[in-house]
Ligand SMILES: [Mg+2]
């Protein structure tokens with residue numbers, strides 16, 4: 001890995017064009033990608049301009065959303081856009097199938113609410129199939145993270161993935177965003193995908209397919225991502241969406 005390249009830079013126009021003109025599926029993460037990161041999970045909103053662009057994108061491309069949020073939560077946030085399939089809980093839940101609730105996740109939640117009770121600004125979100133420990137409201141984010149990590153790593157059969165001011169806990173043997181992306185390709189009948197995501201939970205998707213099949217775009221430049229490309233920041237998403245529309249309407 002030699003670091004990501006700016007997908008909206010002039011030298012990357014050809015690769016974006018070639019994907020846009022193929023039978024491509026567009027797949028997006030939500031928080032930090034389509035929607036700016038907000039102080040609390042409830043307050044994250046899709047900006048109206050982004051929503052309008054997504055409606056136009058959906059008229060030209062098959063599109064899916066793959067989020068760490070619970071399926072009901074993310075479904076309400078991206079309703080009436082034209083998204084073909086929605087995956088929640090990092091791919092552990094999806095709009096085309098039923099999944100069984102995880103007793104293990106509830107147990108983790110009970111245990112952590114007790115163990116983390118003394119940490120200010122920390123709250124545990126039980127999403128039935130996975131769990132997030134949020135610490136954005138803690139007075140010292142880095143120090144709080146260092147207190148949370150040893151505790152969550154002791155849970156049985158847990159996979160710990162750090163996100164934007166949240167620690168995500170997934171069952172070790174479950175699906176992930178990479179599994180979701182491959183399933184979305186099968187469902188859509190597409191042979192290529194463009195996937196855009198902003199944090200380490202998206203790395204499963206960036207690494208899920210070979211580069212000739214997947215154009216991976218991480219929000220924010222990265223030296224270590226499996227994505228080959230990046231957007232400068234979350235607020236560049238509208239420019240990417242507009243470019244994708246232009247490439248199919250020019
Ligand atoms: Mg995200």
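Observations, loosely collected:
- On the stretch given as the range 104-132, residues that are within 18 Å of the chain's Cα centre (by Cα), closer than 16 Å to residue 156 by Cα and free of Cβ contacts under 8 Å to residues at least 40 places away in the same chain total 1.
- Test: residue 67 is within 16 Å of the ligand (Cβ to nearest atom), within 30 Å of residue 105 (Cα to Cα) and either under 13 Å from the mean Cα position of the chain (by Cα) or surrounded by 14 or more Cβ atoms within 10 Å (Cβ to Cβ) (or both): yes
- Where a residue in the range 221-244 is without any contact (Cβ under 8 Å) to a residue 24 or more places away in the chain and its partner, wherever it lies, is assigned to a loop (DSSP other than H, G, I, E, B), with Cβ under 7 Å and at least six apart: 233/220
- When restricted to residues that are surrounded by 15 or more Cβ atoms within 10 Å (Cβ to Cβ) and within 23 Å of residue 97 (Cβ to Cβ), the range 160-180 contains 12.
- Residue identified as surrounded by 17 or more Cβ atoms within 10 Å (Cβ to Cβ) and under 23 Å from residue 218 (Cβ atoms) among 9, 88: 88
- Residue match in the range 138-153 (condition: within 16 Å of the ligand (Cβ to nearest atom), over 30 Å from residue 62 (Cβ atoms) and crowded, with 21+ Cβ neighbours inside 10 Å): no
Where a number appears in this text, it was derived from the coordinates with a stated rule and is not lab data. None of these values were measured; they are calculated from a predicted model. Don't worry about glycine lacking a Cβ; one is built from the backbone with ideal geometry, like all the others, and counts go over all protein chains shown.
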